[in-house]
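Here is the structure we will look at.
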Amino acid sequence: MSFEIKSRSELPIPASGMEVIPKLRRLPALKEFSIKDKIPVYAESLPGGQLIITKIDDILKWSRSGSLWYLLFGLACCAIEMMATGASRFDFERLGMPFRASPRQADLMIIAGTITWKMAPRVRLLYEQMPHPKYVIAMGTCTIRGGPYVYQCYSVLPGADVIVPVDVYVPGCPPRPEALLHGCMVLQEKIRAGNSNKK
């Protein structure tokens, strides 16, 4: 077996990068962000500007979905995961969700943990003190269906939907912060679409 030694000019040498610049100019320009990507609008160009036509309902749904102020309501171990979601690593704030300690300033209640019959009237009272429109996320197996306690303990509520209408269920024991963030994004999509469990 013999090997031929090629001259340096015949070897495959990677491009230095300067040869690639003309090719980059042929690529299509990146699409700029438009409000039409987020809200169904009709835009018409006029001399001196642009006229945008849309429905007020679409603007309100879009603004509500981007500014959900949530009420912390941690009842058990799922609350630790909810606090981790609000901390710097996962950061609820990037979704436009600041924490509120008062139900009168919050429009989202995240129920995290086991609800007992003794605590149920307080959960309902806090829900009723929230202004309209209000939304609820049930976080964790114990909140959704009572968890492992519902069959062996007389004091556990068999799900948060017995006392308040729930919009999004986040299953898990306990659910990871990524799951809660996904549940919040699903709720934002439901709000933009106008679908929620409001009666």
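Any read-out appearing in this document is the output of simple, stated calculations on the displayed coordinates, not a laboratory observation. Note that the coordinates shown come from a computational prediction; the quantities given were computed from them, not determined experimentally. Positions of Cβ are generated from backbone atoms using ideal geometry, with glycine treated the same way; all protein chains shown enter the neighbour counts.
Observations on the structure shown:
- Residue-wise HN-Hα couplings along region 169-176, as the Karplus relation 6.51 cos²θ - 1.76 cosθ + 1.60 with θ = phi - 60° gives them from phi, are 9, 10, x, x, 9, x, x, 5 Hz; Gly and Pro carry x.
- In nm, spacing of pseudo-spin labels at A120 and A84 (7 Å Cα→C-beta vector): 3.0 nm
- Long-range HN-HN contacts of L157 with modeled amide H, under 5 Å: I115, T116, W117
- Based on Cα atoms of region 60-140, Rg over Rh with Rh as the Kirkwood radius reads 0.97.
- Compactness of region 123-199 was expressed as the Cα radius of gyration divided by 2.2 N^0.38 Å, which yields 1.16.
- Rounded to whole Hz, the Karplus (6.51, -1.76, 1.60) HN-Hα couplings of region 147-156, x for glycine and proline: x, x, 8, 5, 8, 10, 9, 6, 9, 9
- The modelled label-to-label distance between S155 and E189, using points 7 Å beyond Cα along the C-beta direction, is 4.0 nm.
- Phi-based couplings in Hz for region 95-107 (Karplus 6.51, -1.76, 1.60; Gly and Pro marked x): 8, x, 10, x, 7, 10, 8, 10, x, 6, 10, 9, 10
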